[in-house]
Structure formats: C-alpha cells, structure tokens
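J.: Below is the structure I would like to discuss, written out as structure tokens.
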Amino acid sequence: MTESNDGYSVSGQQSAEDSPAGKPFLRRGTVSAIVGLVAIAIVQFFAPSFDYQIAFLVCVVIGAISLGLTLLFLQRAAWQAGHAWIVPLSTIAVALTLFGLVRIRTLSGEMIPQFEWRFTSHRVPDLQTTVAGPATANELAGGHDAEIAGEGDATGGPEGGIVGPTPSATWDQFLGGDRNGIAADREFEIPKSPAEVQTLWNIGIGAGWSSFSVSNNIAVTLEQRDERECVTAYRLTDGELLWIVDHEAVHTHPLGETGPRSTPTIWDGRVYAQGATGMLWCIDLNSGEVLWEVDLLDLAGWNQTESEAAITWGRSASPLLVDGLCVVPLGGDELAPERSLVALDAFSGEVRWRAGPDQISYASPQFLTLAGQPQIVIVNESTISGHAIDSGAQLWQTDWAGQSNGGANCASVVPAGENRFLIGKGYGGGSALIEVKPDQSGEGYIAEDVWRSNRIMKTKFNHAVVREGVAYGISNGALQAINLESGERLWEQSRRNRSGQGQVILAGDTLIVQEEMGDVALVAADPHEYRELARLKALDHKTWNVPSLVGNVLLIRNSVQAMALQLPAKQPTR
C-alpha cells in the first residue's frame, strides 16, 4: 500500500472513521440519534400532564425524523468510505429479523403497539354455537346456585309508577342498577390468594366492547360473530348459551376494532339492546323472542356510511329505560333539528318524541333529578343537555367540547351530590363538576361549573365512581382520586403500574379495576393513598369492557373471551 504525503491511503479504501469526509456525517448521525432520544424522553416526562396517546404520536414523529436523519448521515459516511450498501442492507436485515420474530398483537387505547413473539400461542375457548333454549323457572328464581350472594330481582313492572331505573340486587344495565358503577355493599371477602377465587366459567365470545347485564340468573351481552351482530344470553352459573338473536351487520374500524359497543338494559323481563350499526331490539329475557326492533339509521335518515362518517367508532350508547320509554341517542345530518335523543315506547317500539339539536357522541343517557326536576341528561358531541322525560323538551345546555369523528366524548355524566354531576373526558380533556339550578325567572334552568379542569379525571373510556365526597377513576391511564368539592388531586397510581385505558367499578369500600391488558386489581377506596389489596390474573388480551358485579360474582370479558369469577363470599360479622 502506498501513502500520500498527508498520510492517507491512495490505493486502498478508507474506513468511515478515517475518512475526513465521513467523520462529519458520523458526528451528525450520532447527534441526530441523541437529540431524538432526548426529545422523546422529554415528551414522555410530560405525558402524564396532557395525554399519553398524543405523547406517543409525537414520539413516533420525533423518532421517525430522528431515525431517518441518522440513517441518512450513516449512509453518507458509508458511501464516502466506499461501502454504499452496508446501511440499507443492515436496515433491511434488522427489519426482516424483527418482522420474523415479533408481531403486534393489538394497539392499546393510547395507540401504543403491544408486541409479542410470533411463536406465542394463546388458548382461547371456542364459541358456543349450540343453544340450550329458554331458562327454567328454577333458574329464573335464582335457585340454581345458592352460593352467589345478592341474587334476586327487584325490578318493577310498568305499573309500578317508578320514575327512572329501578333499584335491583342484580346488575341489570350499564354501570349497574343505578347506572353509576356502584354496588352499595361489598358482598365478597378480599381474597388472600388467587386460589380463593373460583372460575365459574371461561368461554370464547364474539368481538365487541359490550358488557354483561344480569337479571334472574341470565347474563346478556352483545357480540360479533362473523358477519352477524348478535345479542346473546348465558346462564350465570355455568356460562351455557341460552339464546341468540342476530342480524347481518358489521361495524369495524382500524383503531376501534370490530363489534358492538353498548351494553343491554334489562327491564320488566325484557332486554333492550343497541347494535353498533343502529339496530335496536326489544327481546324477551327468558325465551329470546324478539318483541320489536327498530333501525335507528332509518329514523335518522342515514345509511351506515353516512352514520360512520359522523360517529366513526360505532353507536355505543346503552338504552335508558324510564317511565315506559326506551331512550337512546339518534343522530342525523346537520340539517336535522331533533337528533340528540329519541324516545320509543318500551312496549311497542313506536316513537314518542325526538329532541336536541346537537350531534350524538358515544355516551349513554342518564336519569338524574336536578333542581327538583327528574330528567334525562345526555352528553352530546360538543354539549351536555337535560331533557324533560315526557316530551324531550330541552331544559338546559352547557358546552362540553368534543368531536365524534375525532377527540370523542365517551363518558356519561355521573351523579355527584345534590343537583350536581361529574363529567370526564380523555384526549387531553379533563373533567368538570357541574350544578344545575333554577334560572332567575324561576321558570327555567341553568348549568354552572363548580369547577372545570384539564388536569384531572381524564376519563377516556371509563367513568369515575363517587364515594363519600371522593371520586375515583382512571385518568389518562392511571387510577386517580380527587376531592369532589374542590377538584384537588388526592393521589395517583404510579407510572410503573398504570392500569391503562381500563375500567373501574366500586363495591362498598373496594374499587374493582379492570386493567386494559387483562388483570383485575382490587384497590382500597381510600382517599389518602393508592393501596392495592389483591391482583387477579384474568383475561389474556386487551379489554375496554366494563366489568359487571352480581353479589360475589364478577363478570369480565373482552373481544375474544368471557369469564365469571366467584370471589369468596363475605362472612357475617360477629
């Protein structure tokens, strides 16, 4: 090898490290990588303050730019050294290796990929296809299993004169009998070990994010089976399929995935269920006979394409039964004067009224008494409004920002003291405590903020539960407690054990936390600290479904699997 006067080779190839032209590109590539990593670390540091999904998307953009620049600079350095193909070939080799070994199993509610090895196998029970038929009188009486605490149905009939959801020992609608996610008493002991928890059944189930409603020993949900959208009923004690009602329809979205979203309501021996594509059924609870059905898209003057352009992730509201009415959001194009809600006769399915000018969201209507006025409260696309039960007339309205094909409103209002309700929102939103009171004329009503904050209770897919002046809920993926009166944050789950976009219900003094990736955590409803009491390994996949509690039996599900877990029965105090 010969050398020139400056000491560099003239007949051999120079390495990138020795090349005067290559060194600046190596430095730039290193700086680009370091700057990208530092920027990502900064974004992640501040993620709890705004929104993990937004933070992740920002990090993806930063990472893509940083990686692209780093590879570009490395390629220039390698080219200067005479190795023009080393960077692209190495990049392709690494990409193919990762693709061959790792796959994305699912996306979390924050759009973060959940990776697993390609050779990982999951044992999911098969779907039941054989229908057992109507439940027996003994099963309706709850006599099939005396170990299930709290059985019995106190649901009133149409002649009972009851305004609003009927209190019940069962879990007969979305978020339980009072639609607030609360079972007043904890009818189970905190298990000291997983061995104390019995799995009553573990079955395969069709896709969807619906939950179970339970009455008279029958658990009802919605699911997607191939091209059929289904309402299904299972026996509580053993998970046997009792009946199935279906029709040809599919809702799917790359981010929201496939299947129904709402939870059936059981009232007066009937099941009221809304599919993601707008079919509304009234079904006999025991036999599975369809008593009536209504296509909400026909009422709204939409086809499915138009509907999903406006409400992208599918109809999600669970029917509200009140004063003989079945109330659900309606929707319609921007020229529709009355589209927020529609009320149908609970016995015939005939339309009784339509109301509200705002586009619908994904929240369910709630029955509340505010300022002495029983009313239906609904979270719309960009407002919250109260409506008279008999006519649907709008009593009041307040702004609540949202976009049903973007940063959507998913949570319903939660009762939070006399004349007040709590509302939360994800996508960087936050929460507000709102009070409804008579206006100055005394003939109308106004809604005023007690407080509003974009820093707390960012409940994306879940609802806060309220106990003794404290609200508990999953905020931006972490369980959080706040002082209801002041909006002050009392504590928050650490970043190391975040629950993700899961769900929370309350049983007496204990929070039941369905974590997004499957575990169930029992946490003390303690305003002073986060205190985990027990943890159960349960579902083996992402779940956005709200758990249901019937006495000491916990029903959980996701888009492939459903389980009934029997917790140890609470022992009588001596």
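J.: Out of everything in region 530-556 that is within 17 Å of the chain's Cα centre (by Cα) and among the β-branched types (Val, Ile, Thr), what residue ends up being surrounded by the fewest Cβ atoms within 10 Å (Cβ to Cβ)?
T.: Within region 530-556, the match that is surrounded by the fewest Cβ atoms within 10 Å (Cβ to Cβ) is Ile556.
J.: Evaluate the following for Leu242: is it part of a strand (DSSP E or B), in contact with a helix residue (DSSP H, G or I) (Cβ under 9 Å, 6 or more places away or on another chain), at pLDDT 95 or above and of a type outside the set (Asp, Glu)?
T.: Working: part of a strand (DSSP E or B): yes; in contact with a helix residue (DSSP H, G or I) (Cβ under 9 Å, 6 or more places away or on another chain): yes; at pLDDT 95 or above: yes; of a type outside the set (Asp, Glu): yes.
Answer is yes for this residue.
J.: Still on this structure, I have one more. Could you run through region 312-349 and say how many residues are farther than 21 Å from Asp172 by Cβ and part of a loop (DSSP other than H, G, I, E, B)? Steps first, answer last, please.
T.: Of region 312-349, the ones farther than 21 Å from Asp172 by Cβ are 312-314, 330-342, 348.
Restricting the remaining residues to those that are part of a loop (DSSP other than H, G, I, E, B) gives 312-314, 330-340, 348.
Within region 312-349, residues that are farther than 21 Å from Asp172 by Cβ and part of a loop (DSSP other than H, G, I, E, B) number 15.
J.: When region 18-38 is examined, which residues are found to be in contact with a helix residue (DSSP H, G or I) (Cβ under 7 Å, 6 or more places away or on another chain), surrounded by fewer than 17 Cβ atoms within 10 Å (Cβ to Cβ) and part of a helix (DSSP H, G or I)?
T.: Of the residues in region 18-38, the ones in contact with a helix residue (DSSP H, G or I) (Cβ under 7 Å, 6 or more places away or on another chain) are 19, 21-22, 25-26, 28-29, 32-33, 35-36.
Next, from what is left, pick out any that are surrounded by fewer than 17 Cβ atoms within 10 Å (Cβ to Cβ): 21, 35.
Across region 18-38, the qualifying residue is only Val35.
J.: Now, a different point. If you go through region 333-343 one residue at a time, do you hit one that is without any contact (Cβ under 8 Å) to a residue 24 or more places away in the chain, of a type in the set (A, V, I, L, M, F, W, C) and at negative phi?
T.: The answer is yes, given that some residue of region 333-343 is without any contact (Cβ under 8 Å) to a residue 24 or more places away in the chain, of a type in the set (A, V, I, L, M, F, W, C) and at negative phi.
J.: Name the residue that is nearest to the chain's Cα centre (by Cα), counting only residues in region 331-354 that are surrounded by fewer than 18 Cβ atoms within 10 Å (Cβ to Cβ), of a type in the set (A, V, I, L, M) and closer than 19 Å to Gln304 by Cα.
T.: Selected residue: Ala336.
J.: Here is a follow-up. For region 358-380, indicate whether the set of residues that are more than 28 Å from the chain's Cα centre (by Cα), in the same structural domain as Ala317 (by TED's automatic domain parsing) and of a type in the set (D, E, K, R) is non-empty.
T.: No, there is no match, as no residue in region 358-380 is more than 28 Å from the chain's Cα centre (by Cα), in the same structural domain as Ala317 (by TED's automatic domain parsing) and of a type in the set (D, E, K, R).
J.: Test Ala401 against the criterion of being crowded, with 22+ Cβ neighbours inside 10 Å, among the aliphatic types (A, V, I, L, M) and either touching a residue at least 60 places away in the same chain (Cβ under 8 Å) or assigned to a loop (DSSP other than H, G, I, E, B) (or both), and give yes or no. Outline the logic, then answer.
T.: Numbers: crowded, with 22+ Cβ neighbours inside 10 Å: no; among the aliphatic types (A, V, I, L, M): yes; either touching a residue at least 60 places away in the same chain (Cβ under 8 Å) or assigned to a loop (DSSP other than H, G, I, E, B) (or both): yes.
In short, no.
J.: Looking at Gly177, Gly156, can you tell me which residue is within 22 Å of the chain's Cα centre (by Cα) and at pLDDT below 95?
T.: Details: Gly156 fails: within 22 Å of the chain's Cα centre (by Cα).
Of the residues listed, the single one that is within 22 Å of the chain's Cα centre (by Cα) and at pLDDT below 95 is Gly177.
The values are calculated or read from the model by the stated rules, or taken from the named source; none is laboratory data. The structure displayed is predicted, hence computed values, not measured ones. Virtual Cβ from ideal backbone geometry, glycine too; neighbours counted across all protein chains shown.
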